1. Could you give every pair whose Cβ atoms fall below 6 Å, whose first residue belongs to segment 104-126 and is under 11 Å from Leu141 (Cα atoms) and free of Cβ contacts under 8 Å to residues at least 12 places away in the same chain, and whose second residue is among the hydrophobic types (A, V, I, L, M, F, W, C) and assigned to a helix (DSSP H, G or I), counting only separations of at least 6 or pairs across chains?
2. Just wondering, is there one or more residues in segment 71-94 that are under 24 Å from Asp48 (Cα atoms) and among the hydrophobic types (A, V, I, L, M, F, W, C)?
3. Of a type in the set (Lys, Arg) and either at pLDDT below 95 or touching a Cys at 6+ places or on another chain (Cβ under 7 Å) (or both): is that true of Arg168 in this structure?
4. Across segment 49-59, what is the number of residues that are assigned to a helix (DSSP H, G or I) and either closer than 13 Å to Val117 by Cα or aromatic (Phe, Trp, Tyr) (or both)?
5. In segment 133-151, what residues are without any contact (Cβ under 8 Å) to a residue 40 or more places away in the chain and either buried (at least 18 other Cβ atoms within 10 Å of the Cβ) or within 14 Å of the chain's Cα centre (by Cα) (or both)?
6. Pick out the one residue from Ala91, Ala37 that is in contact (Cβ under 8 Å) with a residue 60 or more places away in the chain, outside any strand (DSSP E or B) and among the small types (Gly, Ala, Ser).
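The values are calculated or read from the model by the stated rules, or taken from the named source; none is laboratory data. The structure presented is a predicted model; accordingly, all values stated were derived computationally and were not measured. Positions of Cβ are generated from backbone atoms using ideal geometry, with glycine treated the same way; all protein chains shown enter the neighbour counts.
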Amino acid sequence: MSPDEARQVVDRLGELVGEGYTLLTWNGLGFDFDVLAEESEALDQCRDLALEHVDMMFHVFCDRGFPVALGKAAEAMNIPGKPEGMSGVLAPRLWAQQQFQEVMDYVAQDVRMTLQVAQACEQRRTFEWVTRRGTKGFMPLQHGWVSVRDALRIPEPDNSWMSDPLPRHRFTDWLNKD
C-alpha cells in the first residue's frame, strides 16, 4: 500500500467518525494505528483517531494490568475463533508468499471476532476470557467499553505480582512522535 493509499484509509476513517461511527479494534492502539500513522505519514490524524477509538484490548490492559488475546476472549464467550493453523505472526510471511486469500480470510475473521466479542460484552455487561490456567476471568463493564483517551485515565492496577509487567507506554510511545 502506498502512502497515498494509506492516507485515503485515514481520511475515510476520519469521515466515518465524523458521521458518528465509533472505531473499534483489538490492540489497534498498539499496532494498527501505529503502522497506519507511519505508512500514511498522517501522524496527527492517526493520533486523534487512535485516542478517540475503542481499543478493547487496551481497555482490558489498563483495567487489569495485562493484555488478553482476542482468541481467549472469543473462546470464553463461545465465539468462533481464528482459522486453524493461522496467526498474526504468519500473516506477513503468507502475504509475501502471495497467499493473499489465506491472509484475507484470517483478517476478516479477526474483524468478525472483534465485533462479536464487543457485542457479547455489551449485552452481558462483562468481559470474559480464558486465563492461562484454563479458568474464566471476568471484568465488569458497567458503562461499556471506553475510548483509549478514557482508558488512559484508569488508575494503573497493582501488578506487583507479575514478574515482568508490561508498561502502558509500550502501546502509547508512538503517540508522542513528532
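1. none
2. Looking for residues that are under 24 Å from Asp48 (Cα atoms) and among the hydrophobic types (A, V, I, L, M, F, W, C), one finds none in segment 71-94, hence no.
3. Spelling it out, Arg168 is indeed of a type in the set (Lys, Arg) and either at pLDDT below 95 or touching a Cys at 6+ places or on another chain (Cβ under 7 Å) (or both).
4. Matching residues across segment 49-59 total 3.
5. Taking segment 133-151 first, the residues without any contact (Cβ under 8 Å) to a residue 40 or more places away in the chain are 133-135, 138, 140-144, 150.
Leu141, the sole residue that qualifies.
6. Ala37
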